[in-house]
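Beneath this line is the structure, given in structure tokens, with notes to follow.
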Amino acid sequence: MANDLALNAARGQAARGGPSALLRDPWFVLLLALAALALAWAATDTTPVAVRALWHWSPALLRGLGVNIQISVLAMALGTVVGLAVGALSLSPSALLRRLTRAYVLLFRNAPILVLVYFTTYVFPFELSVGGWSVPFPDWIKVVIGLGLPASANVAEIFRGAIQSIPSAQWEAAQSLAFRRAQIFRMIVLPQCVRRMLPSWMNLYASITMSTSLASLVGVHDLVDTATVASNTVARSDFTILVYFTLLALFFAYCYPIARWTRYLERRHEHH
């Protein structure tokens, strides 16, 4: 009994992730190494002028990061809604619908994200005419669409795989209890799909967040664009290195907790 309790406690500590678990994480070790390198460089080569300039630009950098987060959240929301619909249609009894959804998934899963961002930016109009009124179509919304398309294709595959992973015996048992198909899907299948999809969905969101750095290439004033403007304005090599170290740290600080939580959910799903 005591051994069982100790084993369960050890498993719980591993699942929660203590300091030793962090030190075994290669990405956390990489972060520590980069931080040590940055501190060593700052102690020798960075001048107080560069540090003061970074402090002056830090509010603008944080606002730029907010733009990246806003784009990633909206792109993932769009991709999730469209992806769930496409994933459901991919399981349709109609062979035509299955072929169309398969073509959609193959197209947008294998298209380079940068190409999609350029496509939505320069193919879509810069303004929309609605009832005689001209409504601007901002570039950041086009980037949301450009990132939402591959996200929707990946969500569709995640959703389809989650549904197909549900044992057919559960469908048969529910049908024997006179459940309708919609009830089976809503009350039995969908709750299990959410748990199975969540780790992959979060991993996809982290990937989309990192891809938002491409928005600066089409004129969106995001974190990367702000860092570039700051570097060109200050025009000091030490500040340029410092500001891009800061950019790397900000992206890492946002995405790393997502990766840690994803791993925790994956381990929890394996145990259950």
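The values are calculated or read from the model by the stated rules, or taken from the named source; none is laboratory data. All figures in this text were calculated on a predicted structure; none of them were measured in a lab. Cβ sites come from the backbone with ideal geometry, for glycine too, and all protein chains shown count toward neighbours. We work out accessible area using only protein heavy atoms, side chains counted, and drop any ligands, DNA or RNA first. Shrake-Rupley method; radii C 1.70, N 1.55, O 1.52, S 1.80 Å.
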Pick out, in residue order, every one of the chymotrypsin sites (Phe, Trp or Tyr not before Pro) in the stretch 60-163 that is DSSP loop and has at most 13 other C-beta atoms within 10 Å; say none if there are none.
PHE126
Can you run phi through the Karplus equation (6.51, -1.76, 1.60; θ = phi - 60°) for the stretch 118-128 and list ³J(HN,Hα) in whole Hz, with x for Gly and Pro?
5, 4, 5, 6, 9, 8, 5, x, 7, 8, 10
What is the percent carbon and sulfur in the accessible area of the stretch 174-272, measuring with a 1.4 Å probe over the protein chains and ignoring ligands?
61 percent
Semi-axes of the equivalent ellipsoid of the stretch 70-220: what are they in whole Å, largest first, if each equals the square root of 5 times a C-alpha gyration tensor eigenvalue?
34, 17, 14
Taking a probe of 1.4 Å and leaving out DNA, RNA and ligands, the stretch 130-200 shows per residue an accessible area in Å² of 54 Å²
In whole percents, the bins of 10 Å from zero upward hold the Cα-Cα pairs of the stretch 216-269 as 22, 35, 23, 15, 5, 0
For the stretch 183-204 versus the stretch 216-272, the gap between their alpha-carbon centres in whole angstrom:
29 Å
